[in-house]
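Notes for the one structure printed next.
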Amino acid sequence: MEQFTKEQKLAFLKNTVRNIPDFPIPGIQFKDVTPLFNTKEVLSTLTDILLEEYKNKGVTKVVGIESRGFIMGPIMALELGAGFVPIRKPGKLPSEVFEEEYKKEYGTDKIQIHKDSLSESDVVLIHDDLLATGGTMFAAYNLVKKMNVKKIYVNFILELEELQGRTLFPNDVDIKSLMRFSI
Ligand code: AMP
């Protein structure tokens, strides 16, 4: 896709995201990002554009959120010359963890990160596939923040604008998403 402009590439990527009505429950428009990984051409275009923002930021660790943050997270880490750190649901990480609890639509949930996975000298890029209400990423942000890292960037492939997930975060947090959709 070398011959295309960035705008054309983004439009192509946006068209590649698949809308699945009523999944996993009636009333939800599920944004299926898997077609973005399906061919070398789309995957490398997505990777290049995602990385543009972070090339000169000195990122030392990419933190990916289970489970769809585990697809582009390690690819971005490799390309940026950084390490990769998983944030997982409780009971999955085998060593000592920090934990953060957050509210879901029904009840609460928890996420965990290994205590020794980040240090104060790290510049961290936290990645997930999609920003909806923002609850998951805000918990991840707070978890990483507790570890006193040097700087935190937040990144998504796509954002459901109408849910205003961004408003959960303090104004000075650098949050970027490649594509924005209304629901
Ligand atoms: P939230 O905490 O509300 O921002 O939800 C974010 C997480 O839920 C992401 O990891 C997404 O993978 C998933 N998610 C939420 N809403 C959707 C949707 N409409 N389509 C696809 N994935 C979604």
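FYI, it's all coordinate maths here, none of it is from the lab. This is a predicted model, so every value here is computed, not measured. Positions of Cβ are backbone-derived with ideal geometry, glycine not excepted, and every protein chain shown enters the neighbour counts.
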Helix-only CD estimate at 222 nm, as mean residue ellipticity for the chain, using -39500 (n - 2.57) per DSSP H run (n ≥ 4):
-8000 deg cm²/dmol
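Count charges around Val123 for me, please; just the other residues with Cβ under 9 Å from its Cβ, Lys/Arg as +1, Asp/Glu as -1. Display every interim value, and only then the final one.
Working: positive: Lys57, Lys61, Lys150, Lys151; negative: Asp122.
That works out to +3.
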Averaging over all projection directions, find the projected area of the Cα convex hull of the range 26-89 and quote it in nm² with one decimal place.
5.5 nm²
Taking square-rooted eigenvalues a ≥ b ≥ c of the alpha carbon gyration tensor, is the range 76-183 rounded, prolate or oblate, where a/c under 1.5 means rounded and, failing that, a/b exceeding b/c means prolate?
oblate
P(r) for the chain, please, calculated from all Cα pair distances in 5 Å bins and given in %.
1, 8, 16, 20, 21, 16, 10, 5, 1, 0
For the range 77-123 the chymotrypsin sites (Phe, Trp or Tyr not before Pro) that pass both the DSSP coil test and the at-most-12 other-Cβ-within-10 Å test are Tyr106
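Can you tell me, using C-alpha contacts under 8 Å and at least 6 residues apart, the relative contact order of the chain as a whole percent? Working shown, then result.
Values: 321 pairs, mean separation 29.5, N = 183.
Relative contact order here is 16 percent.
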Of Asp122, Asp109, Asp22, how do they rank once you tally other Cβ atoms within 10 Å and put the fewest first?
Asp22, Asp109, Asp122
DSSP loop GluC sites (Glu not before Pro) in the range 40-135 with at most 11 other Cβ atoms within 10 Å of their Cβ, which ones?
Glu96, Glu105, Glu120
Among all stretches of the chain without exposed trypsin sites (Lys or Arg not before Pro) (DSSP loop, at most 14 other Cβ atoms within 10 Å), which one is longest?
1-54
Set of lysines near Lys9 by C-alpha distance (under 28 Å), chain-local residues within fewer than 8 positions excluded:
Lys31, Lys40, Lys55, Lys57, Lys61, Lys176
